[in-house]
């Protein structure tokens with residue numbers, strides 16, 4: 001058994017081959033994809049959706065969100081997702097799309113939207129007026145998604161652009177950023193975090209990231225600390241620990257397999273890293289997580 005969190009590709013959602021594999025709409029009347037989303041997974045696509053009725057529970061990077069009507073979901077490929085609960089009457093409108101689809105022809109940079117960052121708030125409740133506006137826009141996207149048209153993809157891309165720009169100020173109002181990225185230090189820190197998202201499992205040396213950014217490790221450490229208030233090594237450790245925690249919740253995986261997946265020299269090295277950063281051993285964390293799950297289900 002592989003000791004990796006599975007990554008679902010967008011074509012796994014869109015069963016109809018005549019529809020583009022780079023964009024997919026899911027609504028109350030859609031055929032839901034048969035994927036085990038009750039277990040942790042990643043995706044190669046982005047998602048924006050709103051709950052119409054019912055309730056659900058979503059975990060993003062092990063943080064739990066309880067969803068109800070007017071809950072807006074904004075999810076990126078950078079996060080680990082899991083849906084442990086969804087009520088029978090839960091209905092939503094959701095658009096899924098890849099970075100390539102949105103950026104075709106020199107379009108938007110999705111990484112510029114704060115709500116798609118790894119450490120963003122991924123679910124938030126909309127006030128009634130804003131919920132109605134976003135819901136109406138998603139209904140329009142649904143209509144254009146289902147309607148044959150010579151420029152169907154271009155229309156969908158434009159509507160998703162509007163959806164992104166409608167969502168951005170709503171998110172900013174509820175979760176204001178300390179500062180807009182402007183300084184050189186903030187740009188370096190942002191680029192560092194993107195690199196961490198990609199390479200954290202195999203690369204934990206600041207020298208690797210400094211080389212990618214064409215600066216010295218010392219300058220990288222000082223810059224990230226100044227821009228984020230957190231040490232660069234802490235950003236790296238958090239990414240590795242998140243993956244480790246998710247994998248430890250799978251009882252079919254041995255701790256040795258997890259250590260190997262995360263590129264530790266051996267199980268002992270992984271154990272020391274985990275204990276130094278969490279205060280508990282991997283086995284202890286696994287036992288505690290199992291007890292928490294049993295308590296919640298009981």
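Listing for the model above:
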item	result
Among residues of segment 104-125, those that are outside any loop (DSSP other than H, G, I, E, B) and surrounded by 14 or more Cβ atoms within 10 Å (Cβ to Cβ), counted	8
Residue match in segment 166-173 (condition: in the same structural domain as residue 76 (by TED's automatic domain parsing) and part of a loop (DSSP other than H, G, I, E, B))	no
Residues within segment 86-101 that are under 30 Å from residue 191 (Cα atoms), surrounded by 16 or more Cβ atoms within 10 Å (Cβ to Cβ) and touching a residue at least 60 places away in the same chain (Cβ under 8 Å), tallied	6
Residue count, segment 126-163 (criterion: touching a helix residue (DSSP H, G or I) at 6+ places or on another chain (Cβ under 8 Å) and either modelled with pLDDT under 95 or in a helix (DSSP H, G or I) (or both))	20
Qualifying residue in segment 26-35 (condition: outside any strand (DSSP E or B), in contact with a helix residue (DSSP H, G or I) (Cβ under 9 Å, 6 or more places away or on another chain), in the same structural domain as residue 118 (by TED's automatic domain parsing) and under 11 Å from residue 10 (Cβ atoms))	yes
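Let's see how each residue does on (1) touching a helix residue (DSSP H, G or I) at 6+ places or on another chain (Cβ under 7 Å); (2) under 21 Å from residue 170 (Cβ atoms); (3) assigned to a loop (DSSP other than H, G, I, E, B):
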position: 66; (1), (2), (3): no, yes, no
position: 77; (1), (2), (3): no, no, yes
position: 83; (1), (2), (3): no, no, no
position: 89; (1), (2), (3): no, no, yes
position: 102; (1), (2), (3): yes, yes, no
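The values are calculated or read from the model by the stated rules, or taken from the named source; none is laboratory data. A quick note: this is a predicted structure, and the numbers were derived from the prediction, not measured. Counting neighbours? That spans all protein chains shown, and the Cβs are built from the backbone with ideal geometry, glycine included.
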